Amino acid sequence: MRHRLVPNALAWALVLLASLAPSTGLLAQSVFSPVAAGKEPKVAQRLQLRKNLELRIVDAVLTATADGRATPVPSTEPGGIGACHAMTKEPTGRVVVAADNGLFVLDAGHLITDRMDVEDNLPAGAPLGVAADRKNRIWLCTDADFAVVDTRFGYTRSFAKEELPAGTFRTVITRGDRVLLETSKGWFAYRPDVGKPPSNVGGKLVEKDLEADTSGRATIDLDVRANGGATLRHRRHHHHRLYPVLDNVVDRLRPGKHIVEVLGVDRDLRTGLVARYNVHAPLPPQFSVKLLPLMAAGGCGIVLLLAWPRRGRRRKTRALLRTGVFSVIALQLLAATLGYGRAWPFVGFSMYTENHYEGSVLYKPRLRGIYANGGMQEIGFWAAGIVQDDSWQMLSELAHGDEKRLLHRLNTMNKRRKERGHKGREFVGIEIADTRTRLTADGPFSVAPTVIVRWTKS
């Protein structure tokens, strides 16, 4: 009797669990709903960039039509982008193209396709569909995967297989606040940004002091909830990039003290600040403040002994001077080789010199003021009241700051313009963008920039 009751009880438990799944989320299920027959959308194969400039996809070739003349769009990609499947225009005006060889970008001022900056987690396979939404996210599909891309910082989140509709995927578009996915079994709709953004289970921001190891890694422990499950990313103050938190480890920390913010990220790439850490990253053992002076003194002593003359006051003075000059030059070369020194005279190789190769991208941040009619004007950092050693040192806090910080900078820009004698229109908004130059075998090409922030005051 006992052996018959156990499987029966298990079966009843599974039935009960399945019946509860839609309301409690105990079992994963598709977050898409079918689109009613007769309401299937049409997919556009052309985009208007300017009055006399249009992009089209003709026989899987991306073509620009200007003043009635159609020409294939060139590319910085060696071998080209491959067959073109879809394209979409972001609210910033940049166009994202899905092709056999990946995701590519261009705009009206840069009619040349260039590989999009996406650092991690792109689905495998050729992108078949792309669609931009009002928040400047890019929704994309391959034949088997569906994902969303953060266009500002270049990271991706793919949906779980259980969250997707059945069938192979063909393309994706956006309509209002919905994302529509076409599959071999019809069209399905998804509504992002439902519910609360990511947060700690306790609801409070975690603030702690942490000690990193000598490799610049610190371990954290957070319990974050988010739609579709939470992933974590972190950034250092005065640094704009968001790096992934893998295995509960915050990494890439140079020696010194850092303020590190950790963001929870949900299925739709909504973020929420969940932790702020004061992290101390110690010097590696070979750079210990106790060891380095002893090593430097020992090295100078050896050089001095080798150069020390047996007699003659002038010769001894010259030996001291030569030893001093040699030691300073040797320490500079050592700092340059290690890429560690940052202050004069230990300048550090990475401070003034970078290595670039074919295919590299050169970046330069740009600050622009936005007029009420939508026009823009580039503003120098000094003219905007931004004083910094590194270009992103202040801009990063604007990029990740709240509206109060942006409004303060906008008011400062307008005030300084008046002080310099500029009359007439004031700025009503700010744009921060990374201009990009691709180095190719045929020389450097200015390509579509990445807009990090475009904000106007309400």
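Since every read-out is calculated from the coordinates, none of them should be taken as a lab result. Because the structure is a prediction, the values reported are computed rather than measured. A quick note on method: Cβ atoms are made from the backbone with ideal geometry, for glycine too, and the neighbour counts reach across all protein chains shown.
About its Cα centre, how strong a charge dipole does the chain have in debye, to the nearest 20, once Lys and Arg get +1 and Asp and Glu get -1 at the Cβ?
So the magnitude is around 2060 debye.
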At a Förster radius of 60 Å, what calculated FRET efficiency corresponds to the Cβ-Cβ distance of Asn373 and Ser215, to the nearest 0.05?
0.70
Would you mind calculating the relative contact order of segment 199-282 from Cα pairs under 8 angstrom and at least 6 residues apart, reporting the percent as a whole number?
41 percent
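Count the net charge of all other residues whose Cβ sits under 9 Å from the Cβ of Ala126, scoring Lys and Arg as +1 and Asp and Glu as -1.
Working: positive: none; negative: Asp100, Asp143.
The answer is -2.
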Taking Cα atoms, how many degrees apart are the long axis of helix 403-419 and the longest axis of the chain, rounded to 10 and kept between 0 and 90?
60 degrees
For Rg/Rh (Cα atoms, Kirkwood Rh), the choices are (i) 1.07; (ii) 1.10; (iii) 1.48; which was calculated from the structure?
(i)
By a straight-distance test (C-alpha under 14 Å), which aspartates and glutamates pair with Lys257 as possible cross-link partners, with residues fewer than eight away in the same chain excluded?
Asp209, Glu211, Asp213
Amide H neighbours of Val206 under 5 Å, at least 5 residues apart or on other chains, H built in the peptide plane: list them.
Ala275, Arg276
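Take the Cβ-Cβ distance between Asn278 and Trp382 as r, set R0 to 45 Å, and report the resulting FRET efficiency rounded to the nearest 0.05. Each step should come with its number before you reach the end.
Working: r = 31 Å, r/R0 = 0.69.
Step by step, r from the Cβ atoms, then E = 0.90.
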Cross-link partners of Lys135 among lysines (Cα-Cα below 26 Å; sequence separation of 8 or more within a chain):
Lys39, Lys42, Lys51, Lys89, Lys161, Lys196, Lys364, Lys404, Lys457
Most exposed to least, judged by fewest other Cβ atoms within 10 Å, Ser396, Ser215 sort to Ser215, Ser396
Output wanted: per-residue J couplings in Hz (rounded whole) for segment 147-164, from phi through Karplus 6.51 cos²θ - 1.76 cosθ + 1.60, θ = phi - 60°, x for Gly and Pro.
8, 10, 10, 7, 6, 7, 10, x, 10, 10, 10, 9, 6, 5, 4, 5, 8, 9
Counting other Cβ atoms within 10 Å, keep those with at most 14, restrict to DSSP loop, and tell me which chymotrypsin sites (Phe, Trp or Tyr not before Pro) in segment 376-438 are left.
Trp382
Relative to the chain, whose Cα atoms define the longest principal axis, helix 2-24 and its Cα axis are tilted in degrees, nearest 10, by 80 degrees
Spin-label point model (7 Å from Cα, Cβ direction): what's the Val43 to Phe326 distance in nm?
7.2 nm
Here the relative contact order (percent) of the chain, from C-alpha pairs under 8 Å and at least 6 apart, is 10 percent
Exposure proxy check: Ile57, Ile138 ranked by fewest other beta carbons within 10 Å?
Ile57, Ile138
May I ask you to list the residues of segment 417-432 whose amide nitrogen lies under 16 Å from a point 7 Å from Cα along the Cα→beta-carbon direction of Lys457?
417-419, 424-431
May I ask which residue of Gly229, Gln45, Thr214 lies farthest towards the positive end of the charge dipole of the chain, with charges of +1 (Lys, Arg) and -1 (Asp, Glu) on Cβ and the Cα centre as origin?
Thr214
Are there trypsin sites (Lys or Arg not before Pro) in segment 367-458 that DSSP puts in a loop and that have at most 11 other Cβ atoms within 10 Å, and which ones?
Arg420, Lys423
Exposed-loop cut sites defined as GluC sites (Glu not before Pro) in DSSP loop states with at most 12 other Cβ within 10 angstrom; longest site-free run of the chain spans 1-353
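Based on other C-beta atoms within 10 Å, arrange Val328, Val96, Val172 from fewest to most. It would help to have the intermediate numbers written out before the result.
On the way: Val328 13, Val96 24, Val172 27.
Placing the least packed residue first, the sequence is Val328, Val96, Val172.
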Return the calculated 222 nm mean residue ellipticity for the chain, to the nearest 500 deg cm²/dmol, obtained by summing -39500 (n - 2.57) across DSSP H runs with n ≥ 4 and dividing by the residue count.
-7000 deg cm²/dmol
Suppose every K and R has +1 on its Cβ and every D and E has -1 on its Cβ; what is the size of the dipole of segment 33-190 about the Cα centre, in Debye to the nearest 20?
660 debye
